[in-house]
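Below is one structure; the comments refer to it alone.
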Amino acid sequence: MGFAILNGEIIERSNAMVDVEDRGYQFGDGVYEVIRVYNGKMFTVEEHLNRFERSSKNIGITLPFAKEQVKEQLENLIKKNNLQLGIIYMQVTRGTAPRNHTFPSGDVKPTVVAYTKELSRPTENMQTGVKTILVEDIRWLRCDIKSLNLLGNILAKQQAAEAGCFESIQHRGEDVTEGSSSNIFIVKNGVIHTHPSNNLILKGITKDVILDLCSKNGIAVEERVFTKEDLNNADEVFLSSTTAEVMPIVKIDGRKVKNGSPETVTRRLQALFTEEIENQCGKL
Ligand SMILES: *Cc1c(COP(=O)(O)O)cnc(C)c1O
């Protein structure tokens with residue numbers, strides 16, 4: 001789409017270039033966010049900007065712009081690109097410097113980039129549910145940072161794609177962690193279980209919205225580790241992410257979840273989630 005932001009300035013996207021020695025390119029030395037846009041408005045923007053700041057801070061990058069400035073830049077970008085329904089992709093890297101593993105000196109400025117993409121809601125998959133496979137979680141031990149280093153994640157997602165599936169559900173030994181780019185939930189006897197937000201998973205904004213909706217609507221949640229066996233015995237399974245929203249999982253490794261159709265708690269959460277979008281961004 002038309003325009004991008006490079007270090008605070010809106011320019012033609014085709015002119016938005018970074019150096020071959022940008023540390024994002026060479027080391028994956030940076031962090032990112034994907035923000036949903038509905039009706040030209042950003043959904044849960046404060047939460048995303050807070051996480052962006054937190055991820056940056058966790059790897060010792062100081063953002064060159066205040067949160068309010070970034071928000072204003074993104075709003076301008078949405079207008080400039082006339083984006084109604086889609087996403088903003090935004091990343092910051094430690095900047096451009098002669099290749100060396102150690103951090104460059106303090107006068108090297110981080111590179112901040114953002115652009116937009118049109119993207120509809122995945123209505124069909126949300127209706128029918130998606131297929132998944134189980135894969136061993138081979139990632140590092142700071143999965144709480146939304147890092148540009150996504151090798152473990154993309155290898156897992158590629159395996160899913162090659163199996164004709166939407167997502168991989170990762171596990172460390174017996175314990176289920178999260179999807180390659182989503183959080184995983186199971187429902188058993190009306191209670192939702194999901195991995196606690198520690199260093200082994202990315203604390204999804206969508207996950208937090210869901211937990212909030214549960215607490216406001218009297219749906220029981222236990223944020224505790226569950227196993228592959230719990231997954232196999234679950235009444236319902238679903239995943240969440242900025243782009244997938246609340247997505248029912250109907251198959252795992254070719255085996256049907258319960259009766260193989262999305263069930264009541266998942267459907268209820270989908271409706272509550274849509275309401276929340278409309279509260280923030282207007283009628284869909
Ligand atoms: C981004 C991401 C998620 C989902 O987070 P949202 O904020 O809900 O989009 C989950 N897991 C991983 C590994 C991610 O990178």
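The values are calculated or read from the model by the stated rules, or taken from the named source; none is laboratory data. Just so you know, these numbers come straight off a predicted model, no measurement behind them. Cβ sites come from the backbone with ideal geometry, for glycine too, and all protein chains shown count toward neighbours. Remember, those area values only see protein heavy atoms, side chains included, never the ligands or the DNA or RNA. Shrake-Rupley method; radii C 1.70, N 1.55, O 1.52, S 1.80 Å.
What to note about this one:
- Any strands (runs of 3 or more DSSP E) falling wholly within the stretch 3-52 and containing at least 2 residues that are away from the ligand (no atom under 16 Å from the Cβ) and free of Cβ contacts under 8 Å to residues at least 24 places away in the same chain: 9-12
- When ALA244 is tested against the conditions (1) of a type in the set (Gly, Ala, Ser); (2) more than 13 Å from the ligand (Cβ to nearest atom); (3) under 23 Å from ASN153 (Cα atoms), the lone failure is (2).
- In the stretch 82-106, residue least open to solvent (accessible area, probe 1.4 Å) [restricted to those that are within 21 Å of PRO122 (Cβ to Cβ) and assigned to a loop (DSSP other than H, G, I, E, B)]: LEU83
- Filtered residues of the stretch 139-157 (kept if touching a strand residue (DSSP E or B) at 6+ places or on another chain (Cβ under 9 Å) and either part of a helix (DSSP H, G or I) or away from the ligand (no atom under 13 Å from the Cβ) (or both)): GLY152, ASN153, LEU155, ALA156, LYS157
- Which numbered condition LYS207 misses (of (1) open to solvent by 20 Å² or more (accessible area, probe 1.4 Å); (2) basic (Lys, Arg); (3) within 16 Å of the chain's Cα centre (by Cα)): (1)
- Residue-level check: of (1) surrounded by fewer than 23 Cβ atoms within 10 Å (Cβ to Cβ); (2) farther than 25 Å from VAL45 by Cβ; (3) away from the ligand (no atom under 14 Å from the Cβ), LEU200 misses just (3).
- Within the stretch 180-194, being of a type in the set (A, V, I, L, M, F, W, C) and farther than 12 Å from VAL225 by Cα holds for VAL187, VAL191.
- Residues of the stretch 160-169 include at least one that is touching a Gly at 6+ places or on another chain (Cβ under 8 Å), in the same structural domain as GLY254 (by TED's automatic domain parsing), surrounded by 15 or more Cβ atoms within 10 Å (Cβ to Cβ) and not hydrophobic (A, V, I, L, M, F, W, C).
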